Amino acid sequence: MATPAFEEIAETFEFLDDWEDRYRHVIELGKAMPELDEAFRVPATKVDGCASQVWLLPRIAGQGASARFDFQGESDAMIVRGLIAILHALYSGLSVSDVLKVDATAELKRLGLDEHLSQQRSNGVRAMIGRIRKLATEAAA
């Protein structure tokens, strides 16, 4: 259940044979992402469990299970900004109920991230996914 934006990333990853090229692509995705205003880099938006500093700001349109999910994110590490961009592509525009149906682990495995991220980065990705799922659950209520 991936969005077209995520499918595009997956197709690019299939085209890139070398993990270093994929790594550079992740960083480029992060660079292309708009910065989160300093005013939103507060404890309420900070994601715990990440080695780097990470903030996720929800942008939910509508109410209930059919509300559309979106978010802005920021990190002090370029690779993590790229991972946020990938998660944005995976979830943005879905209804909050559909966000909860996404098997993020399986989708990210398609990119090979599970094999190439450090344990700390993998823990951080899980923490970000957990926060996204929590935000979607709260919005669906």
Please report, ordered by residue number, the helices (runs of 4 or more DSSP H) entirely within the range 51-141 with at least 1 residues that are touching a Pro at 6+ places or on another chain (Cβ under 7 Å), among the hydroxyl-bearing types (Ser, Thr, Tyr) and open to solvent by 20 Å² or more (accessible area, probe 1.4 Å).
none
Where residues in the range 33-50 are among the charged types (D, E, K, R), under 11 Å from residue 75 (Cα atoms) and in a loop (DSSP other than H, G, I, E, B), which of them is least open to solvent (accessible area, probe 1.4 Å)?
41
What residue, among those in the range 1-15 that are without any contact (Cβ under 8 Å) to a residue 24 or more places away in the chain and within 18 Å of residue 90 (Cβ to Cβ), is least open to solvent (accessible area, probe 1.4 Å)?
12
State whether the residues of the range 107-121 include one that is under 15 Å from residue 5 (Cβ atoms), hydrophobic (A, V, I, L, M, F, W, C) and at pLDDT below 95.
yes
Scanning the range 116-141 for residues that are among the hydrophobic types (A, V, I, L, M, F, W, C) and out of contact with any strand residue (DSSP E or B) (no Cβ under 9 Å at 6 or more places or on another chain), which turns out nearest to residue 53 (Cα to Cα)?
125
(1) within 15 Å of the chain's Cα centre (by Cα); (2) assigned to a helix (DSSP H, G or I) all hold for residue 20 apart from (1)
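The values are calculated or read from the model by the stated rules, or taken from the named source; none is laboratory data. If you're wondering where the values come from, they're calculated on a predicted model, not measured in any experiment. Don't worry about glycine lacking a Cβ; one is built from the backbone with ideal geometry, like all the others, and counts go over all protein chains shown. Just the protein is used for accessible areas: all its heavy atoms, side chains included, with ligands, DNA and RNA removed. Shrake-Rupley method; radii C 1.70, N 1.55, O 1.52, S 1.80 Å.
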